[in-house]
Amino acid sequence: NLEELTGVPAMDRAELILRILASRAMTREGKLQVELAATRHRLSRLAGYGTEMSGLGGGIGTRGPGEQKIEVDRRLLRDKIAKLNRELRKVQQVRTEQRKKRKQSGIPVVSLVGYTNAGKSTLHRALAGSDVLAEDRLFATLDATTRRVEPAEGEPYLLVDTVGFIHNLPHQLVAAFRST
């Protein structure tokens, strides 16, 4: 109703976060995770649609109401979720191998963690001399970035820039942050 009255899209907090994540994800894994979270969110939002979602068949030769549109939509979304999960497992196997090799190398790993827009990427640029995006906006970083740092004194280490935390993140969106 608000959309019709104002001509402006109306969305809940979870959908807003998903749109931001979708526009900023760069890696294949990040994009798959965001798409999976968005599809799950869409599936949870299907409940409650009224008569416009029914697909009753009528007339001579029909055998009853058949599958309602909401049931078709649910089935299609569940199929898409299953497909995205399969693709994500393949991508995560690669990440698991990378993590395994990193552990075997014996090089310490330092991760920068904190709330979104807290300066983690700026610190990463300063410490690692990296070219990661550092902007004053929420979720500028959506994919973890790892760089080797060789300080003038001390041992070399791997520095990881992560996506920021968000206060009271909706539970169904947690999977969209799994890669970081």
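The values are calculated or read from the model by the stated rules, or taken from the named source; none is laboratory data. Treat the numbers as computed from the prediction; the structure is a model and nothing was measured. Cβ sites come from the backbone with ideal geometry, for glycine too, and all protein chains shown count toward neighbours. We work out accessible area using only protein heavy atoms, side chains counted, and drop any ligands, DNA or RNA first. Shrake-Rupley method; radii C 1.70, N 1.55, O 1.52, S 1.80 Å.
Quick notes on this one:
- Spin-label pair residue 95-residue 42: with each label point 7 Å from Cα along the Cα-Cβ axis, the two points sit 2.2 nm from one another.
- Among 165, 139, the sequence by solvent-accessible area, most first, with a 1.4 Å probe is 165, 139.
- Rolling a 1.4 Å probe across all protein chains gives residue 83 an accessible area of roughly 110 Å².
- Taking a point 7 Å from the Cα of residue 168 along the Cα-to-Cβ direction, the residues of the range 1-29 with backbone N closer than 11 Å to it are 13.
- Percentage relative contact order, the range 62-148, counting C-alpha pairs under 8 Å, at least six apart: 15 percent
- Potential lengthening between residue 22 and residue 113 on full extension [0.36 nm per residue; Cα-Cα distance subtracted]: 30.7 nm
- Other residues whose C-beta falls under 12 angstrom from the C-beta of residue 158 contribute a net charge of +3, scoring Lys and Arg +1 and Asp and Glu -1.
- Spin-label pair residue 126/residue 6, simplified geometry with 7 Å Cα→Cβ offset, distance in nm: 3.9 nm
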